[in-house]
1. With point charges of +1 on the Cβ of Lys and Arg and -1 on the Cβ of Asp and Glu, referenced to the Cα centre of the stretch 2-79, which listed residue (41, 57, 74) lies farthest in the positive direction of the dipole?
2. Show me, for the stretch 69-79, the HN-Hα J-couplings you get by feeding each phi into the Karplus relation (A = 6.51, B = -1.76, C = 1.60, θ = phi - 60°), rounded to Hz, glycine and proline as x.
3. For semi-axes √(5λ) of the Cα gyration tensor in Å, which listed value, (i) 40, 19, 8; (ii) 20, 13, 11; (iii) 19, 17, 14, comes from the coordinates shown?
4. What does the charge count around residue 34 come to, taking other residues whose C-beta lies under 15 Å from its C-beta (Lys +1, Arg +1, Asp -1, Glu -1)?
Amino acid sequence: MIGSALNMVKALATRPGLWPTAWRAGRDHTPAGWWRHRPYLPLPDRAWMKFRLVTAYGGDGSGPIQAEDLITWLEWRRHFPG
């Protein structure tokens, strides 16, 4: 999982045009009061992430997110912000 996260950070680092979109996506998908609960990180809701992973990759939603898919989703979100 750490390697997958590093790959996503590397892919995003080379696309500064997507940084504002990634910031907004992180803000929009981070639950309010995230700092009050473990693991004390601004992570998206688990149920939402599982739903997204199941619809994207199938199976039980436990598969890793591909960096290319994150970039594609952020580009889509930038063009269709609503």
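1. Highest projection toward the positive end goes to 41.
2. Per-residue couplings from phi come out as 5, 4, 4, 4, 5, 5, 5, 4, 5, 5, 7 Hz.
3. (iii)
4. Cβ neighbours under 15 Å give a net charge of +2.
No lab work stands behind these numbers, since they all come straight from the coordinates. Treat the numbers as computed from the prediction; the structure is a model and nothing was measured. Glycine also receives a Cβ, built like all others from the backbone with ideal geometry; neighbour counts cover every protein chain displayed.
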